[in-house]
Structure formats: structure tokens, C-alpha cells
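Peer 1: Quick one: structure below, then a few questions.
The values are calculated or read from the model by the stated rules, or taken from the named source; none is laboratory data. If you're wondering where the values come from, they're calculated on a predicted model, not measured in any experiment. Backbone-built Cβ (ideal geometry, glycine too); neighbour counts: all protein chains shown. Calculation scope for accessible area: heavy atoms of the full protein, side chains included, ligands and nucleic acids excluded. Shrake-Rupley method; radii C 1.70, N 1.55, O 1.52, S 1.80 Å.
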Amino acid sequence: MKNHRKTFIIHGAKIQDIETFFEEVNDVFMADEDWKLGQSLDAFDDMLYRSYGKINKDEAIEIIWKDIDLSENVLGLETTRLFYKKKLSQPEIFDIKLINENIENLTNGIGKTYFEIIIEIIEAHSNILLIKQ
């Protein structure tokens with residue numbers, strides 16, 4: 001049976017931090033657009049859900065994430081902790097109590113890393129098949 005999914009490839013070797021994750025996302029999904037996604041997990045989720053970039057709403061797609069273990073490492077505990085600590089410097093924008101809880105959860109081994117949040121976002125879309133390589 002032929003695969004009727006549109007295929008996208010994320011190159012984990014290109015991802016060194018959150019900024020380069022979004023550069024890769026923009027290269028893969030937004031290359032033909034005259035605008036790019038900002039560094040926001042909400043924007044990433046919206047892109048997967050809505051009809052912009054190379055994804056049409058609800059179409060069946062396949063994401064092949066090559067060198068995913070490298071991405072898991074660089075978007076892991078330390079990157080996530082730094083991500084939250086940067087938010088602490090903007091109390092007018094972010095819920096500081098929640099951010100501190102997230103940091104505490106990470107420290108206690110029960111919080112999700114940035115990578116785990118990305119995977120959770122992708123897997124929440126029933127039209128997307130994620131292939132980890």
C-alpha cells in the first residue's frame with residue numbers, strides 16, 4: 001500500500017539549542033513563506049494544526065526526525081532549565097510561580113524537558129506520524 005502522507009525530515013544534527021530547533025523547523029516547514037515562526041512552542045503547535053507553511057490543515061503527514069537522540073540531548077534538562085530561567089527575568093509577561101514550579105519539577109526529575117514537550121506537541125496531532133531515527 002502506498003504511503004499517502006506528505007513527508008518532512010527534521011535533521012537533528014542541525015539542532016544545537018532552542019534557536020537552532022526553530023531554524024530547522026522554519027527551513028523544513030516554512031521555507032516558501034515570507035515570514036518565519038518565532039521561538040514559541042505555541043507557534044510550533046499552531047503551525048502543525050493550521051493551514052500555513054507546507055502543512056495543510058488536517059492532512060496526513062509524516063515527520064522523520066533523524067539523529068533524534070542528539071536533539072533529545074541538546075534540548076534536555078540544562079536547556080530547559082535555562083529556558084525557564086530566562087522567563088524569570090520577565091515577571092511582567094510570565095507566571096513566575098508557575099515557572100518556579102516547572103524548575104522545581106525538573107530538579108526533582110518529574111518535569112518535562114523542552115524536547116519532551118516538543119514530542120508531546122507532535123504526538124497530540126492524530127494526523128501526524130513521527131518516525132524517530
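Peer 1: Does region 96-119 hold any residues that are open to solvent by 90 Å² or more (accessible area, probe 1.4 Å) and either among the aliphatic types (A, V, I, L, M) or out of contact with any helix residue (DSSP H, G or I) (no Cβ under 9 Å at 6 or more places or on another chain) (or both), and which are they?
Peer 2: Of everything in region 96-119, those that are open to solvent by 90 Å² or more (accessible area, probe 1.4 Å) and either among the aliphatic types (A, V, I, L, M) or out of contact with any helix residue (DSSP H, G or I) (no Cβ under 9 Å at 6 or more places or on another chain) (or both) turn out to be Lys97, Glu104, Asn108, Ile110.
Peer 1: Follow-up question, since we're still on this one. Are any residues in region 21-47 of a type in the set (A, V, I, L, M), within 23 Å of Asp69 (Cβ to Cβ) and assigned to a loop (DSSP other than H, G, I, E, B), and if so, which ones?
Peer 2: Filtering region 21-47 down to residues of a type in the set (A, V, I, L, M) leaves 25, 28, 30-31, 37, 41, 43, 47.
Okay, now just the ones that are also within 23 Å of Asp69 (Cβ to Cβ), so 25, 28, 41.
Those that are of a type in the set (A, V, I, L, M), within 23 Å of Asp69 (Cβ to Cβ) and assigned to a loop (DSSP other than H, G, I, E, B): none in region 21-47.
Peer 1: Answer yes or no: is there a residue in region 91-105 that is closer than 25 Å to Leu130 by Cβ, part of a helix (DSSP H, G or I) and of a type in the set (A, V, I, L, M).
Peer 2: Within region 91-105, not a single residue is closer than 25 Å to Leu130 by Cβ, part of a helix (DSSP H, G or I) and of a type in the set (A, V, I, L, M).
Peer 1: Identify, please: which residue in region 1-20 is of a type in the set (A, V, I, L, M, F, W, C) and touching a strand residue (DSSP E or B) at 6+ places or on another chain (Cβ under 9 Å) and is, among those, farthest from Asp69 (Cα to Cα)? Before the answer, list the steps.
Peer 2: Taking region 1-20 and keeping what is of a type in the set (A, V, I, L, M, F, W, C), we get 1, 8-10, 13, 15, 18.
Those still in the list that are touching a strand residue (DSSP E or B) at 6+ places or on another chain (Cβ under 9 Å) too: 8-10, 13.
Working: Phe8: 18, Ile9: 15, Ile10: 12, Ala13: 9 Å.
Restricting to residues being of a type in the set (A, V, I, L, M, F, W, C) and touching a strand residue (DSSP E or B) at 6+ places or on another chain (Cβ under 9 Å), the top hit is Phe8.
Peer 1: Looking for something open to solvent by 80 Å² or more (accessible area, probe 1.4 Å), assigned to a loop (DSSP other than H, G, I, E, B) and touching a helix residue (DSSP H, G or I) at 6+ places or on another chain (Cβ under 7 Å) - is there at least one such residue anywhere in region 125-133?
Peer 2: The answer is yes; a qualifying residue exists.
Peer 1: Separate question: Report, ordered by the first and then the second residue, all pairs with beta carbons closer than 8 Å, sequence separation of six or more or different chains, a first member in region 79-98 that is β-branched (Val, Ile, Thr), and a second member that is part of a loop (DSSP other than H, G, I, E, B).
Peer 2: Close Cβ pairs satisfying both conditions: Thr79/Asp17; Thr79/Thr113; Thr80/Gly111; Thr80/Lys112; Thr80/Thr113.
Peer 1: On the basis of being among the charged types (D, E, K, R) and within 21 Å of Thr7 (Cα to Cα), does Asp67 make the cut?
Peer 2: yes
Peer 1: Among Asp58, Asp69, which is of a type in the set (Asp, Glu) and at pLDDT 95 or above? Spell out how you get there, then give the answer.
Peer 2: On the way: Asp58 fails: at pLDDT 95 or above.
Result of the check over Asp58, Asp69: Asp69.
Peer 1: Of all residues in region 60-87, how many are open to solvent by less than 60 Å² (accessible area, probe 1.4 Å), part of a strand (DSSP E or B) and either in contact with a Lys or Arg (Cβ under 7 Å, 6 or more places away or on another chain) or of a type in the set (D, E, K, R) (or both)?
Peer 2: So the answer is 3.
Peer 1: Taking region 18-59 as the search range and keeping residues that are open to solvent by 60 Å² or more (accessible area, probe 1.4 Å) and touching a residue at least 60 places away in the same chain (Cβ under 8 Å), which one is farthest from Glu120 (Cα to Cα)?
Peer 2: Selected residue: Asp58.
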